Amino acid sequence: MILDHLSDETRAALERAGMPDFARWQRMVYATGGCAQPIRLRGERLTLDAATGEVLDAYRTADEPTGFLLTACGNRRASRCPACSAVYRDDTYHLIISGLQGGKGVPEEVNAHPRAFVTLTAPSFGPVHAHRSGKDGKTLPCRPRRNAPVCPHGRPEGCGARHEQDDSRVGQALCESCYDYRGAVLWNAHASELWRRFTQALPVVLARLLGVRRTYLRQVLRLSYAKVAEYQARGLVHFHAVIRLDGPDGPTSPPPSWVTLAVLNDAIRQAAARVTVPASIPSPDGPPPVLLRWGEQLDVRPIYISADLNGVSDQRVASYVAKYATKGAESAGTVDRRIRDVNDIAGLAVTEHTRRMIFTCFALSNLPQYRDIPLRQWAHMLGYRGHFSTKSRHYSVTLGRLRQTRADYQAEQARLRLGLPDPAENTTVTLSEWHYAGSGLRRGEEFWAEHARQRIAVARQLAKERKGHAC
């Protein structure tokens, strides 16, 4: 009788809790960190004595009450899996901070190397509504204009409204007919190439500013970086990057004393101003292609160990970069899954500005000059097809190494619990065979997975606070 008055979701959660395999399933969910779309595996793992072939330990999913084993999906997007994205965010933080303070195989002396926090933006493709605030923190009018001018389509060129940051109009075009959606989509599609050319141009500009040959500069200086892409409300990506100057051996060697932070600042600004990328395939019979560039808004701040009036602290930079490593185009109001058919665009729960950018991706993909750009494939990303976080080889530790260290620790804890020999002694052999059996949560399981995630998140936060107090 009580179940009759509960919601469908609550009733399903209670029914799931009453199943015989629930206790074991719940332990698996906790082991994944409360993953929102865990992967189900079937198979077995055998640990054998290398000399005799005796089975020392055997694990088979056929013996599980559930009939399968759960493992985390590992998705970095917070919109897809809050649990796995939290792990990705923490790993990214350690990747960035180790390249600024040292640790994880990077010497502490790296904090004395010239370092800058750089923000590279997209140019304007038309006026959009924006949140503006004064020095006192008060919200200012969006785009105040005298005499209320109108565009060629009869729409106001200004906006006197005071938009808060969460206002749905922020980032939307003042006039969709005036806005250059074609240019915006093509800029997103070539943003990664602009970044690549920027990293190539930076050492060249450095050599010119320092008055040395490029070949000599390569012998005494190495450029290291880590960057993350962020979507602005207008649907265009911009990049936040940590750029560091090292000696020839990377973070283990200091750069020459005559390579200063001021020189790095000038080189970044000049390199950003000179790089261009053609927006389409050049045609011998047609006009030259439009050249895409960085926007005029370029921010270069020195990074210090602690906060400074003219710079930013290394911890603040690491936290900022890690936060955006888990966000995707959905933060700009689009969807986080691919759009298979152009007919599906009309039914998307997105703004009109975003809908036009998605439709422009499909429309341009049919033109011959853009045939080599997978715009249709990346329409849900508004044309952007690059990685959201990248780093140079010598910047710091890799995400793969961090994950492997965590996996090795978990494997060691399991070995000690089972009383198995140390694999370093080469006395055992492990054989395993796994098969994919599906992914995602079933009816009634979302509640318990979210409950597990929140409990784990609270425990981690309390542990961080205790560690902070201890320090």
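The values are calculated or read from the model by the stated rules, or taken from the named source; none is laboratory data. Model, not experiment: these values are computed from the prediction. Don't worry about glycine lacking a Cβ; one is built from the backbone with ideal geometry, like all the others, and counts go over all protein chains shown. For accessibility, only protein heavy atoms count, side chains too; no ligands or nucleic acids. Shrake-Rupley method; radii C 1.70, N 1.55, O 1.52, S 1.80 Å.
The table below gives the values:
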| item | result |
| --- | --- |
| Conditions (1) surrounded by 13 or more Cβ atoms within 10 Å (Cβ to Cβ); (2) hydroxyl-bearing (S, T, Y); (3) closer than 30 Å to W195 by Cβ: number failed by S439 | (3) |
| Per-region count, region 192-227, residues of a type in the set (A, V, I, L, M, F, W, C) and farther than 17 Å from I268 by Cβ | 2 |
| Test set (1) open to solvent by less than 80 Å² (accessible area, probe 1.4 Å); (2) on the phi > 0 side of the Ramachandran plot; (3) modelled with pLDDT under 90 - N147 fails condition number | (1) |
| A130 vs. criteria open to solvent by less than 20 Å² (accessible area, probe 1.4 Å) and assigned to a loop (DSSP other than H, G, I, E, B) | no |
| Region 209-233, subset closer than 30 Å to G333 by Cβ and part of a strand (DSSP E or B), residue most open to solvent (accessible area, probe 1.4 Å) | Y225 |
| Any chance A173 is closer than 30 Å to L264 by Cβ and either in contact with a His (Cβ under 8 Å, 6 or more places away or on another chain) or at pLDDT 90 or above (or both) | no |
| Selection from region 385-411 of residues that are more than 30 Å from L223 (Cα to Cα) and within 17 Å of the chain's Cα centre (by Cα) | none |
| Only one of I303, I281 that is buried (at least 17 other Cβ atoms within 10 Å of the Cβ) and farther than 16 Å from W187 by Cβ | I303 |
| Pairs, first within 12 Å of P38 (Cα to Cα) in region 434-457, second of a type outside the set (V, I, T) and open to solvent by 50 Å² or more (accessible area, probe 1.4 Å), C-beta under 6 Å, six or more apart | A437/R42 |
| Residues that are open to solvent by 40 Å² or more (accessible area, probe 1.4 Å) and either touching a Gly at 6+ places or on another chain (Cβ under 7 Å) or closer than 29 Å to Y384 by Cα (or both), drawn from region 134-144 | L140, R143, P144 |
| Condition broken by L236, with the remaining ones in (1) under 26 Å from A363 (Cβ atoms); (2) open to solvent by 10 Å² or more (accessible area, probe 1.4 Å) satisfied | (2) |
| When residues of region 323-332 are limited to those that are touching a helix residue (DSSP H, G or I) at 6+ places or on another chain (Cβ under 7 Å) and part of a loop (DSSP other than H, G, I, E, B), the one farthest from R77 (Cα to Cα) | A325 |
| Hits in region 412-441 (condition: within 28 Å of the chain's Cα centre (by Cα) and not in a strand (DSSP E or B)) | G440, L441 |
| Pair list, Cβ < 6 Å and 6+ apart or interchain, from region 119-145 residues that are among the aromatic types (F, W, Y) to residues that are open to solvent by 20 Å² or more (accessible area, probe 1.4 Å) | F125/D180 |
| Residue, nearest to S177 (Cα to Cα), within region 105-126, restricted to residues that are assigned to a strand (DSSP E or B) and not hydrophobic (A, V, I, L, M, F, W, C) | T119 |
| Answer residue from region 349-391, given it is of a type in the set (S, T, Y) and outside any helix (DSSP H, G or I) and is least open to solvent (accessible area, probe 1.4 Å) among those | Y384 |
| Residue in region 333-348 that is touching a strand residue (DSSP E or B) at 6+ places or on another chain (Cβ under 9 Å), open to solvent by 40 Å² or more (accessible area, probe 1.4 Å), of a type outside the set (S, T, Y) and assigned to a loop (DSSP other than H, G, I, E, B) present | no |
| Failed item, numbered, when A161 is tested on (1) of a type in the set (G, A, S); (2) open to solvent by 20 Å² or more (accessible area, probe 1.4 Å); (3) touching a strand residue (DSSP E or B) at 6+ places or on another chain (Cβ under 8 Å) | (3) |
| Scan of region 176-208 for residues that are among the aromatic types (F, W, Y) and either over 30 Å from L367 (Cα atoms) or not in a helix (DSSP H, G or I) (or both), ordered by number | Y179 |
| Test result for I345, β-branched (V, I, T), under 21 Å from the mean Cα position of the chain (by Cα), at pLDDT 90 or above and over 26 Å from L399 (Cα atoms) | no |
| Test set (1) closer than 23 Å to F198 by Cβ; (2) open to solvent by 40 Å² or more (accessible area, probe 1.4 Å) - A318 fails condition number | (2) |
